[in-house]
Amino acid sequence: MKTLYLFISLFLFSTCFANANDQKALAKSLQGNTPIIDDLQELTDTIGARMTGTEGNNLAVAWALNKFKEMGINTKLEAVEMPRGWQEREAKGYVTGDLTYELPIVSMPFTNSTIKQGLSGQLKYINNGSDKAFNQVKNLENTWLLVETDILDDEQGIHGLFKEYIDFAGIEQRAIQHSVAGIIYMSSRDKNLLYRHLPSKGAANNLPIIVAEREEGLKLKRLLNKGYSLHFAAKIETGDGQPYQVNNVIAEIKGKEKPDEIVLLGAHIDSFDLGTGALDNGSNVSLVLDIARQIKRLGITPKRTMRFALYNGEEQGLYGSWAYTKHHKMALNKHVMTATIDIGTGKINGFFTNGRVDFVPALESALNAVQENGPFSMINVPVVGTDNYDFMVNGVPNIVASQEDANYASNYHAESDTFDKVDTKQLKQNASTMGALMLGIANLNDITWQKHNMAQVEALIEAENVEASMKTFGLYQGWKNKTRPIR
């Protein structure tokens, strides 16, 4: 009997040792000479911007599909239904009145295409658009409101970015209540940099919203404060607004012992159209590809199935990951862990565990293989705004990589989000961290946690006031009417 116990102990030890060796081998390979940077440059410099519904997006999907197939990995496309097409074809702004000139602008997504013939109104400065500011300015109906934003730079970082989203949600709600003609946000970036991101109502938005160069916005503020009477007219031509279909790219390496249990790593392949989406999120598309490539190259076969998802439609409302949960509804209870990475090439310093602490010891254990890349902190805060959302509200164990701010915020959704902003050395280290972590989870002997039921999810949403964040990103209505999560 003692001999049997000794054999079992030695077997378990050797298995754990082999698993750790696989993690270390993968981590080392990912920091070596791999195609990750060439992939990223090809995706961003050659294909370019990947706005959902554009030819660039279609090319990127075909490119990623081919990359996985070249690795010899089973890959397929899965349909994503998009509720409303939107592409800006032309956006022009005109100041008239005591002065007349053209104002450089871009429109926010889903700005009503009916204003392509021109929508005009008196221009009023409304400071930062707070409740107090709205109450101080009279007769707002059918006026264009000039809103002064806080500067969003790398010092403000991710916290500043989320504050902007929260502020804009309140401003847009107040603007609708006052029946304004539209909103002009001063760009929160200086040096004539323009950007756009999703309005708080998402694809349901019908409020004309534009972004003007910060320097031009400050000029308008000075003129209005001097008593100039100014009007503003916008001419915006966009796509047709009809529903359409795009695709996620899904690849997997089958597990050898528990193939029906899934460890999922995902990043979104779409981008906005002003830059080339290098930080958001081309860098992490190339990271996902390279992890899959190196696992295959090293001949590693994990215990559980490792799945790799390149989601589409993230920027327009997280539609790709939502579609994934619908396609795989019956297998969600077999998803051991899903991970999302979506904050450029800042150093991974930990993980958001999104209301779950039950799997933290397993994360920490898996990260031992790359402790030199740390330290890593576990942050038990629910994240809303990236592709973990639908997994979280469906009770699936999920994490989001927490990353240092680096230069993500200042280039977010802007013309400046290009390949030259990427920290290539850090990207490779992030790949080694994510690869070792996901392989470590895939090779666990036992899983001590499980999918949460809806009562547990609802308790999390209430306890952490997640509904406020849902409203900011246009997700609350789906939660309220029980169409999202899937039931």
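Candidates SER187, SER229: the one that is within 29 Å of LEU318 (Cα to Cα) and either touching a strand residue (DSSP E or B) at 6+ places or on another chain (Cβ under 6 Å) or crowded, with 22+ Cβ neighbours inside 10 Å (or both) is SER187. For beta carbons closer than 7 Å, sequence separation of 6+ or different chains, a first residue in region 184-213 that is among the charged types (D, E, K, R) and a second that is assigned to a strand (DSSP E or B), the qualifying pairs are ARG189/TYR195; ARG189/ALA414; ARG196/VAL106; ARG196/VAL211.
In the set (1) open to solvent by less than 10 Å² (accessible area, probe 1.4 Å); (2) of a type in the set (Val, Ile, Thr); (3) over 23 Å from the mean Cα position of the chain (by Cα), VAL180 fails one condition alone, (1).
Among the residues examined, TYR125 does not qualify as loosely packed, with under 15 Cβ neighbours inside 10 Å, in contact with a strand residue (DSSP E or B) (Cβ under 7 Å, 6 or more places away or on another chain) and over 24 Å from TYR412 (Cβ atoms).
Residues checked against (1) assigned to a strand (DSSP E or B); (2) among the hydrophobic types (A, V, I, L, M, F, W, C); (3) surrounded by fewer than 23 Cβ atoms within 10 Å (Cβ to Cβ):
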{"residue": "GLY320", "(1), (2), (3)": "no, no, no"}
{"residue": "LYS326", "(1), (2), (3)": "no, no, yes"}
{"residue": "GLY350", "(1), (2), (3)": "yes, no, yes"}
{"residue": "ASN354", "(1), (2), (3)": "no, no, no"}
{"residue": "PRO361", "(1), (2), (3)": "no, no, yes"}
{"residue": "SER402", "(1), (2), (3)": "yes, no, yes"}
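Within region 23-70, the set of residues being over 30 Å from GLU88 (Cα atoms), touching a residue at least 40 places away in the same chain (Cβ under 8 Å), open to solvent by 50 Å² or more (accessible area, probe 1.4 Å) and in a helix (DSSP H, G or I) comprises LYS24, LYS28.
Taking the residues in region 472-487 that are of a type in the set (S, T, N, Q) and closer than 19 Å to ILE166 by Cβ as candidates, determine which candidate is least open to solvent (accessible area, probe 1.4 Å). Give the derivation first.
Initial filter on region 472-487 (of a type in the set (S, T, N, Q)): 472, 477, 481, 483.
In the following step, the residues that additionally are closer than 19 Å to ILE166 by Cβ were identified as 472, 477.
Details: THR472: 13, GLN477: 109 Å².
Only one residue fits best here, namely THR472.
Among the residues making up region 192-201, those that are under 16 Å from ILE105 (Cβ atoms) and either open to solvent by 30 Å² or more (accessible area, probe 1.4 Å) or over 15 Å from the mean Cα position of the chain (by Cα) (or both) are ASN192, LEU193, LEU194, TYR195. If the condition is being exposed (fewer than 15 other Cβ atoms within 10 Å of the Cβ) and either in contact (Cβ under 8 Å) with a residue 12 or more places away in the chain or part of a strand (DSSP E or B) (or both), then region 93-102 contributes THR96, GLY97, ASP98, LEU99, TYR101, GLU102. Evaluated against (1) touching a helix residue (DSSP H, G or I) at 6+ places or on another chain (Cβ under 9 Å); (2) open to solvent by less than 10 Å² (accessible area, probe 1.4 Å), ALA468 falls short on exactly one condition, (2).
So which of LEU40, LEU65 is closer than 20 Å to GLY313 by Cα, among the hydrophobic types (A, V, I, L, M, F, W, C) and touching a strand residue (DSSP E or B) at 6+ places or on another chain (Cβ under 7 Å)? Working first, answer last.
Numbers: LEU40 fails: touching a strand residue (DSSP E or B) at 6+ places or on another chain (Cβ under 7 Å).
Only one candidate qualifies: LEU65.
Sub-9 Å Cβ pairs linking a first residue in region 228-243 that is at negative phi and acidic (Asp, Glu) to a second residue that is in a strand (DSSP E or B) and open to solvent by 30 Å² or more (accessible area, probe 1.4 Å), at least 6 apart or interchain, are GLU237/GLU88; GLU237/ARG89; GLU237/GLU90, ordered by first then second residue. For region 433-474, the tally of residues that are in a loop (DSSP other than H, G, I, E, B) and either touching an Asp or Glu at 6+ places or on another chain (Cβ under 9 Å) or among the small types (Gly, Ala, Ser) (or both) stands at 6. Do we have any residue at all in region 146-166 that's modelled with pLDDT under 95, under 29 Å from the mean Cα position of the chain (by Cα) and at positive phi? Yes: one or more hits. Cβ-Cβ distances below 6 Å connect the following pairs, each with a first residue in region 445-460 that is of a type in the set (Lys, Arg), a second residue that is open to solvent by less than 80 Å² (accessible area, probe 1.4 Å) and modelled with pLDDT of 95 or more, and a separation of six or more residues or different chains: LYS451/GLY395; LYS451/VAL396.
Taking the numbered list (1) modelled with pLDDT under 95; (2) assigned to a loop (DSSP other than H, G, I, E, B) in turn, ASN127 passes all entries but (1).
Please indicate, with yes or no, whether at least one residue in region 301-316 is in contact with a helix residue (DSSP H, G or I) (Cβ under 9 Å, 6 or more places away or on another chain), within 22 Å of LYS69 (Cβ to Cβ) and open to solvent by 10 Å² or more (accessible area, probe 1.4 Å).
So in region 301-316, the residues in contact with a helix residue (DSSP H, G or I) (Cβ under 9 Å, 6 or more places away or on another chain) come out as 301-306, 308-316.
Then drop every residue that is not within 22 Å of LYS69 (Cβ to Cβ), which leaves 301-302, 305-306, 308-312.
In the following step, the residues that additionally are open to solvent by 10 Å² or more (accessible area, probe 1.4 Å) were identified as 301.
Checking region 301-316: at least one residue is in contact with a helix residue (DSSP H, G or I) (Cβ under 9 Å, 6 or more places away or on another chain), within 22 Å of LYS69 (Cβ to Cβ) and open to solvent by 10 Å² or more (accessible area, probe 1.4 Å).
State whether the residues of region 260-282 include one that is assigned to a helix (DSSP H, G or I) and among the small types (Gly, Ala, Ser). Yes, because at least one residue in region 260-282 is assigned to a helix (DSSP H, G or I) and among the small types (Gly, Ala, Ser). Considering region 302-336, and only residues there that are basic (Lys, Arg) and touching a strand residue (DSSP E or B) at 6+ places or on another chain (Cβ under 8 Å), the residue that is farthest from ARG50 (Cα to Cα) turns out to be LYS303. Among the residues of region 72-92, just one is modelled with pLDDT of 95 or more, open to solvent by less than 40 Å² (accessible area, probe 1.4 Å) and among the small types (Gly, Ala, Ser), namely ALA79.
The values are calculated or read from the model by the stated rules, or taken from the named source; none is laboratory data. In this text the structure is predicted, and so the values were computed from the model without any measurement. All Cβ positions, glycine included, derive from the backbone under ideal geometry; neighbour counts span all protein chains shown. Keep in mind that these areas ignore ligands, DNA and RNA; they rest on the heavy atoms of the full protein, side chains included. Shrake-Rupley method; radii C 1.70, N 1.55, O 1.52, S 1.80 Å.
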